[in-house]
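The values are calculated or read from the model by the stated rules, or taken from the named source; none is laboratory data. Predicted model only: the values in this text are computed from it and were never measured. No Cβ is skipped: glycine too gets one built from the backbone with ideal geometry, and neighbour counts run over all protein chains shown.
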Amino acid sequence: MSTPLADTTNPDLGLLYAVNGLARRSPAWLDHAVSWIGEYGILLGLALLGLTGWLRARRRPDAPVAVAGLLWAPLAVAIAEVANLPISAIVDRPRPFVDHAGLDVLVEGKEGTYSFVSDHSTMSMGIAVALFLVNRRLGWIAGGLALLQGFCRMYMGVHYPTDVIGGFALATAVVLLLAPIAMAVLVPFCHAVGRTALAPLIRAPQGGGRRSGGRRRGGGPRGSVRADEQPPESDLAA
């Protein structure tokens, strides 16, 4: 079947056809790989980044604040997804392949669901922004994965570019606007948990460094850096 010409006067549709056209010209194995990455792989990668951030946050001087920031990430995503329910119903935008022929749709089961905003893009950028507030290095990596997520959703033919941008904007707004309120609750909560038997979830147990390696003038064991000398990384620290 011949592919109809895209409406080049519409940047949103034109970019979708351009990106999705790559799928039509790519080998089947690459399409399958992009589909898996865009549907599951990036979210799994973001989860691993979150786990890495938690392991690092537990070792920081401001551990309760850093862990609270990481806890805000999944909560912010959940709030953004709930906020998207009325937004998607009001906009009532069908998937692009419903109204436009010639798209190469790489994933099934999307018929009858809303296109705006992209849930996957919302989740990815929500994790990225929240993670960036706690650990900038991991946040930049997560941000790159979020951008890749948006590309994959267009490549798969299931979202317009504006669906992706809308998801990014919604997630960023929720994370940043509600962060002060969330942290006002989560930081005391993490401090409280740190005084219970669940304290290792908040702060990494201190090893017996004083008994190994001897003592040095002016501090602890050789090669160690005192916790109170480590600069905090979190932008959420009060």
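Looking at (1) touching a helix residue (DSSP H, G or I) at 6+ places or on another chain (Cβ under 8 Å); (2) within 19 Å of MET125 (Cβ to Cβ); (3) surrounded by 18 or more Cβ atoms within 10 Å (Cβ to Cβ), which is the one condition that is false for ASN20? If we test ASN20 against (1) touching a helix residue (DSSP H, G or I) at 6+ places or on another chain (Cβ under 8 Å); (2) within 19 Å of MET125 (Cβ to Cβ); (3) surrounded by 18 or more Cβ atoms within 10 Å (Cβ to Cβ), just (2) comes out false. Only one entry of ASP99, ASP104, ASP62, ASP92 meets the criterion of being touching a Gly at 6+ places or on another chain (Cβ under 7 Å) and either of a type in the set (D, E, K, R) or on the phi > 0 side of the Ramachandran plot (or both), and that entry is ASP104. Being crowded, with 24+ Cβ neighbours inside 10 Å and more than 11 Å from the chain's Cα centre (by Cα) is the filter; apply it to segment 112-132 and report the residue that is nearest to GLN149 (Cα to Cα). Looking at residues that are crowded, with 24+ Cβ neighbours inside 10 Å and more than 11 Å from the chain's Cα centre (by Cα), I get SER118. Given the criteria touching a Cys at 6+ places or on another chain (Cβ under 7 Å) and either of a type outside the set (Phe, Trp, Tyr) or at pLDDT below 90 (or both), does ILE181 qualify? Here the answer is no, as ILE181 does not meet what is asked. Do we find a residue being of a type in the set (A, V, I, L, M, F, W, C), crowded, with 24+ Cβ neighbours inside 10 Å and closer than 24 Å to ASP92 by Cα anywhere in segment 175-195? Checked segment 175-195: no residue is of a type in the set (A, V, I, L, M, F, W, C), crowded, with 24+ Cβ neighbours inside 10 Å and closer than 24 Å to ASP92 by Cα.
Of all the criteria given as (1) free of Cβ contacts under 8 Å to residues at least 12 places away in the same chain; (2) on the phi > 0 side of the Ramachandran plot, the one not satisfied by PRO86 is (2). For segment 23-40, a residue qualifies if it is of a type in the set (Phe, Trp, Tyr) and exposed (fewer than 13 other Cβ atoms within 10 Å of the Cβ), and the qualifying residues are TRP29, TYR40. Restricting VAL158, VAL164 to those that are surrounded by 23 or more Cβ atoms within 10 Å (Cβ to Cβ), touching a Lys or Arg at 6+ places or on another chain (Cβ under 8 Å) and at pLDDT 95 or above reduces the list to VAL164. Of the residues in segment 141-156, at least one is in contact (Cβ under 8 Å) with a residue 12 or more places away in the chain and farther than 20 Å from VAL19 by Cβ.
For beta carbons closer than 6 Å, sequence separation of 6+ or different chains, a first residue in segment 36-59 that is part of a loop (DSSP other than H, G, I, E, B) and a second that is surrounded by fewer than 19 Cβ atoms within 10 Å (Cβ to Cβ) and of a type in the set (Gly, Ala, Ser), the qualifying pairs are ARG58/ALA204; ARG59/ALA204. The conditions of being closer than 23 Å to ILE141 by Cβ and of a type in the set (Ser, Thr, Tyr) are met by SER35. Of all the listed residues (VAL82, VAL98, VAL91), the sole one being in contact with a Phe, Trp or Tyr (Cβ under 6 Å, 6 or more places away or on another chain) and either over 17 Å from VAL129 (Cα atoms) or surrounded by fewer than 18 Cβ atoms within 10 Å (Cβ to Cβ) (or both) is VAL91.
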